[in-house]
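The structure under discussion appears below in the form of structure tokens.
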Amino acid sequence: MTPTPPSTYTPTEDFVQNAHVDAAKYDVLYAASIEDPEGFWREQGKRVDWIKPFTQVKDVSYDFGNVGIKWYADGTLNVAANCVDRHLAKRGDQTAIIWEPDDPKDPAQHITYKDLHTSVCKMANVLETLGVSKGDRVVIYMPMIPEAAYAMLACARVGAIHSIVFAGFSPDALAARINGCDAKLVITADEAPRGGKKTPLKTNADAALSQCADAVQCLVVRRTGGDVPWNDARDRDYSKLSEGANLTHTPAEMNAEDPLFILYTSGSTGQPKGVVHTTGGYLVYASLTQEVTFDYHDGDVYWCTADVGWVTGHSYIVYGPLANGATTVMFEGVPTYPDASRFWQVCEKHKVNQFYTAPTAIRALMGQGNEFVEKCDLSSLRLLGTVGEPINPEAWTWYNDIVGGGRCPIVDTWWQTETGGHLMTPLPGAHATKPGSAMKPFFGIEPVVLDPASGDEITGNDVEGVLCIKDSWPGQMRTVWGDHDRFEKTYFSDYKGYYFTGDGCRRDADGDYWITGRVDDVINVSGHRMGTAEVESALVAHATVAEAAVVGYPHDIKGQGIYCYVTLMNGETPSEELRKELRTWVRSEIGPIASPDVIQWAPGLPKTRSGKIMRRILRKIAENDYGALGDTSTLADPSVVDDLIANRAET
Ligand code: ATP
Ligand code: MG
């Protein structure tokens, strides 16, 4: 048996002393941000350099049928100038981006702010040569190489709207996104090395472009130098065009509410949504949250392991850190290549201070054993972060003890593509953390717990329900690209007057918040409502279980029964006995009401490309309804689904 971990973890005295925000400051600033949002965000608006300073701060309506969200609406600025040019005087020779390639034998690159400026200006000039200007859409389909960041910033510099498509997506998914925003240009690379394998990006882009208008051009960056098909009518070689490109460029003057990017959500719950973020408010929010949540200080080396294809990569690899003049690590590879110690080797090599990753990676690495972590020197680490899914207390504790050596606060950041930045997270110098809890709202965020049936606000503590947000914040999405009705219907129609997150949550007896998963993932067993995350956590806490996904299915007597998909640790064998043992284990961890009705052994679980479990597909399988699996285009490995269907357990 593992010993019961402490229920709260307090940051060290040293950490608190040096933190940007301690407990007293959090309380004061939070109260101020709620009582006087205009005043608070007026002040925070000064974090960025404006070409024409704003006079208006906030102009927001959450009225269904008339939803409109504007921040700093009369100000003008340029995001690339804020992320690059304004740092040149003070930190031109400081490293902006540390690039770590897929193969550890290849050299890392240290790109200074001066270098970054030159590269971004060059690419901005190339974009303009290709006819890209203010308001045009550019799709970026790139490996995790510095040119991906240059491309984002070059778009921002000329005022074009980028839409990044994760390099793991298929030609069809890419085509849908190119056509969805009428892109003028696709920026890609010849090939994307990842985990020792190469994805033929240019070939994929060609397949996608065959489904798009002839006028769409394709700009190709050389990564591997491998041979690629070439079509002179459409394709442009970046290495040639950039050779003679001008090394300076005047950034476009953008309105605060001009779109900066479009980005599709993961598709965990249905058809992905083309989320639109704008310029001024987004940058203020990304920059503030990056500094405060991660307690970033000048000179720190900060690493977010996400891909720029996800919002986490937008806000916390590129825009937030660079707006703050930080040193940000960009990693091309995967956590398990060449072996399961890669993350930790990179931390050691670049002396990383803040490390930010996803529960799916933590669980996978935890399953590989501690020796991969313990052989690396992780003494530079000061803070750990997690994002993307609820983190099981078991994984949290492993992260804390083994990776963080018990001395690094963990920030469990809850947010969404839609929110642009963190909405709930402990602040590392202010809050004692609880494994699995997102703890506290960020400045300016007023979470409310609603009764799912009546829509009434549930006040007081030790309560559970649907999570909504009362008012707007600058980083909030403004619309769904080309479909404002869908925006209003998805987020503002079920609970009038609030932003509906789609997630459930619990506010515990101390007033701290726990995300219980998606509202759709709450099951009702004999009248008891429970989040599936709770049952999953109990299963993962068993020594033989690597990963688990739990869904409800129709049950004659209980209303809903509990169906569990369980992936065992490497080397464990499924057996009837183990099944019994797991049932008993969950009963003892949570109570008889949570006892699994069905346990299906799952060699793998269906996941999105960003590593989230797609429970809606598992629900269909449990319900014996495979006809309508819905949109599966964002699945990482569709063959997993066939296996699960073939081995479905009787209900
Ligand atoms: P779609 O909206 O298309 O179904 P998605 O919700 O997975 O996809 P994202 O915006 O990538 O798209 O993910 C946001 C969601 O991820 C949140 O709504 C929440 O369910 C989950 N999430 C993110 N961070 C956390 C966290 N720290 N704890 C718990 N859940 C989290
Ligand atoms: Mg979502």
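The values are calculated or read from the model by the stated rules, or taken from the named source; none is laboratory data. The model shown is predicted, which means the values in this text are computed figures rather than measured ones. Positions of Cβ are backbone-derived with ideal geometry, glycine not excepted, and every protein chain shown enters the neighbour counts.
Miscellaneous remarks
- Only one entry of Thr584, Thr651 meets the criterion of being over 30 Å from Gly309 (Cα atoms) and touching a residue at least 40 places away in the same chain (Cβ under 8 Å), and that entry is Thr651.
- Qualifying positions in the range 259-289 - more than 16 Å from ligand 1 (Cβ to nearest atom) and touching a His at 6+ places or on another chain (Cβ under 9 Å): Pro259, Leu260
- Given (1) away from ligand 1 (no atom under 12 Å from the Cβ); (2) of a type outside the set (D, E, K, R); (3) buried (at least 19 other Cβ atoms within 10 Å of the Cβ), index of the condition Gly531 fails: (1)
- Odd one out for Trp230 among (1) aromatic (Phe, Trp, Tyr); (2) touching a Lys or Arg at 6+ places or on another chain (Cβ under 9 Å); (3) crowded, with 19+ Cβ neighbours inside 10 Å: (3)
- Filter result for Ala256 (buried (at least 23 other Cβ atoms within 10 Å of the Cβ), away from ligand 1 (no atom under 16 Å from the Cβ) and assigned by the TED database to the domain that holds Val186): yes
- Selected residue (criterion: nearest to Gly45 (Cα to Cα)) from residues of the range 338-358 that are part of a loop (DSSP other than H, G, I, E, B) and touching a strand residue (DSSP E or B) at 6+ places or on another chain (Cβ under 8 Å): Asn353
- Leading residue by the ranking (surrounded by the fewest Cβ atoms within 10 Å (Cβ to Cβ)) among those in the range 387-407 that are in contact with a helix residue (DSSP H, G or I) (Cβ under 9 Å, 6 or more places away or on another chain) and without any contact (Cβ under 8 Å) to a residue 40 or more places away in the chain: Gly406
- Residue check, Thr501 within 30 Å of Asp597 (Cβ to Cβ) and crowded, with 19+ Cβ neighbours inside 10 Å: yes
Yes/no per residue for (1) out of contact with any strand residue (DSSP E or B) (no Cβ under 7 Å at 6 or more places or on another chain); (2) buried (at least 18 other Cβ atoms within 10 Å of the Cβ); (3) among the aromatic types (Phe, Trp, Tyr):
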{"position": "His542", "(1), (2), (3)": "yes, yes, no"}
{"position": "Ile590", "(1), (2), (3)": "yes, no, no"}
{"position": "Arg609", "(1), (2), (3)": "yes, yes, no"}
{"position": "Asp642", "(1), (2), (3)": "yes, no, no"}
{"position": "Asn647", "(1), (2), (3)": "no, no, no"}
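- Residues (more than 11 Å from ligand 2 (Cβ to nearest atom), hydroxyl-bearing (Ser, Thr, Tyr) and crowded, with 18+ Cβ neighbours inside 10 Å) located in the range 486-498: Tyr495, Tyr498
- For Gly561, the criteria (1) part of a strand (DSSP E or B); (2) within 16 Å of ligand 2 (Cβ to nearest atom); (3) surrounded by 20 or more Cβ atoms within 10 Å (Cβ to Cβ) hold in every case but one, which is (2).
- Residues satisfying the stated conditions in the range 426-477, i.e. within 23 Å of the chain's Cα centre (by Cα) and charged (D, E, K, R): Lys434, Lys440, Glu446, Lys470, Asp471
- The condition (being outside any strand (DSSP E or B) and β-branched (Val, Ile, Thr)) is satisfied by just one residue among Thr224, Thr188: Thr224.
- Test result for Ala538, of a type in the set (A, V, I, L, M, F, W, C) and within 16 Å of ligand 2 (Cβ to nearest atom): no
- Gly159 being touching a Gly at 6+ places or on another chain (Cβ under 9 Å), over 26 Å from Val334 (Cβ atoms), modelled with pLDDT of 95 or more and buried (at least 24 other Cβ atoms within 10 Å of the Cβ): yes
- Scope the range 468-490; condition acidic (Asp, Glu) and more than 24 Å from Tyr72 (Cβ to Cβ); matching residues: Asp483, Asp485
- Search result, residues across the range 437-474 that are buried (at least 22 other Cβ atoms within 10 Å of the Cβ), under 19 Å from Asp412 (Cα atoms) and not aliphatic (A, V, I, L, M): Ser437, Phe442, Phe443, Gly444, Cys468
- Residue match in the range 328-347 (condition: buried (at least 21 other Cβ atoms within 10 Å of the Cβ), touching a His at 6+ places or on another chain (Cβ under 9 Å) and in contact (Cβ under 8 Å) with a residue 24 or more places away in the chain): yes
- Taking (1) buried (at least 21 other Cβ atoms within 10 Å of the Cβ); (2) free of Cβ contacts under 8 Å to residues at least 40 places away in the same chain in turn, Ile145 satisfies each apart from (2).
- Residue count, the range 56-79 (criterion: touching a residue at least 60 places away in the same chain (Cβ under 8 Å) and among the small types (Gly, Ala, Ser)): 3
- Selection from the range 408-422 of residues that are within 10 Å of ligand 1 (Cβ to nearest atom) and touching a helix residue (DSSP H, G or I) at 6+ places or on another chain (Cβ under 9 Å): Val411, Asp412, Thr413, Trp415, Gln416, Thr417, Glu418, Thr419, His422
- If you go through the range 298-327 and keep only what is of a type outside the set (Phe, Trp, Tyr) and within 18 Å of Asp102 (Cβ to Cβ), you end up with Cys304, Thr305, Ala306, Asp307, Val308, Gly309, Gly313, Ile317.
- Taking the numbered list (1) charged (D, E, K, R); (2) within 29 Å of Phe64 (Cα to Cα); (3) at pLDDT 95 or above in turn, Asp510 passes all entries but (2).
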